[in-house]
Amino acid sequence: MNRDIADLRINYSMAGLLEQDMLPNPFEQFKKWFDEAKSADVLEPNAMIVSTAGNDGMPDSRVVLLKDLTQHSFVFYTNYNSIKAHQIDEHLHCALLFLWLDLERQVRIKGRAAKVGTEESLKYFRSRPRESQIGAWTSPQSKVISSRAEIEQLFQDNLRKFDGVDEIPLPEFWGGYEVIPTEIEFWQGRPNRLHDRIKYNKGKDSWTMSRLAP
């Protein structure tokens with residue numbers, strides 16, 4: 001055993017998590033925690049791990065950025081030809097994880113993913129910096145490329161291609177997914193590894209709350 005790794009240990013003691021302090025709607029609770037993460041200057045509080053699995057059953061995870069929070073879903077954007085998109089097409093279930101270490105908190109989300117409408121994807125695409133729009137056209141995401149120089153050359157080619165074009169069109173292979181949760185768990189670090197875990201489960205018409213052992 002590598003003792004340098006095994007001995008890494010932090011005793012969490014910033015806060016606790018009690019049922020009576022939780023909001024009845026987990027989306028409202030998430031918004032509360034998210035606002036607190038922003039106020040605490042957590043680096044990229046909208047960064048989340050998206051975990052998917054295709055028909056082969058092999059889990060796959062990567063970090064993406066949350067770009068919208070609706071009353072019923074978490075929204076992110078990607079290339080529809082990417083590995084994550086193919087896995088979502090094969091197996092709609094996925095998981096999200098937000099980790100805010102500065103606050104000793106994490107939020108775990110399980111649900112189903114579905115593509116957002118083209119109009120919604122276009123609205124977000126238009127809000128991105130011009131260079132990021134061109135980047136979406138440039139990258140054959142998840143495909144093997146020969147070198148860094150290849151992708152940089154493709155970017156320069158697209159800069160010339162769209163030179164003088166006022167509104168860069170939305171690529172047909174690019175857009176959003178919304179994750180509609182069935183479970184949302186809020187985790188607060190506590191001393192002695194006796195962490196607080198409060199989970200919401202989606203029922204037919206409402207959410208139910210329960211406490212999980214750490």
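Observations, loosely collected:
- Around Asp68: net Lys/Arg minus Asp/Glu count, Cβ-Cβ under 9 Å: -1
- Its Cα gyration tensor gives region 70-182 an equivalent ellipsoid, and the semi-axes of that ellipsoid, as √(5λ) in whole Å with the largest first, are 29, 17, 15.
- Rounded to two decimals, the Cα radius of gyration of region 116-203 over 2.2 N^0.38 Å is 1.69.
- Low-density loop cleavage sites - GluC sites (Glu not before Pro) in region 159-214, where at most 14 other Cβ are within 10 Å (DSSP): Glu167, Glu172
- Computed from backbone phi, the HN-Hα couplings of region 130-143 come to 4, 5, 6, 4, 5, x, 5, 6, 7, 7, x, 3, 6, 7 Hz, rounded to whole numbers (Karplus: 6.51 cos²θ - 1.76 cosθ + 1.60, θ = phi - 60°; Gly and Pro given as x).
- For the chain, alpha-carbon Rg relative to the globular expectation (2.2 N^0.38 Å, N residues): 1.18
- Per-residue Cβ neighbour rank within 10 angstrom, fewest leading, Tyr80, Tyr177: Tyr80, Tyr177
- A Gaussian network model of the chain, with springs between Cα atoms under 10 Å, assigns the largest mean-square fluctuation among Leu17, Leu66, Leu97 to Leu17.
- Taking each DSSP H run with n ≥ 4 as -39500 (n - 2.57) and averaging over every residue of the chain yields -8000 deg cm²/dmol at 222 nm.
- Size of region 169-214: Rg and Dmax of its alpha carbons, in Å, are 17.1, 54.
- Normalised convex hull volume, region 1-87, alpha-carbon set, Å³ per residue: 199 Å³
- Lysine pairs with alpha-carbon atoms under 21 Å apart, region 44-178, spacing 8 or more or separate chains: 8
- Straight-distance candidates among the aspartates and glutamates for linking to Lys38, with alpha-carbon spacing under 16 Å and chain neighbours fewer than 8 residues away dropped: Glu28, Asp68, Asp102, Glu104.
Values quoted throughout were computed directly from the atomic coordinates according to the rules given, and no laboratory measurement underlies them. None of these values were measured; they are calculated from a predicted model. For neighbour counting, all protein chains shown are included, and Cβ atoms are generated from backbone atoms with ideal geometry for every residue, glycine included.
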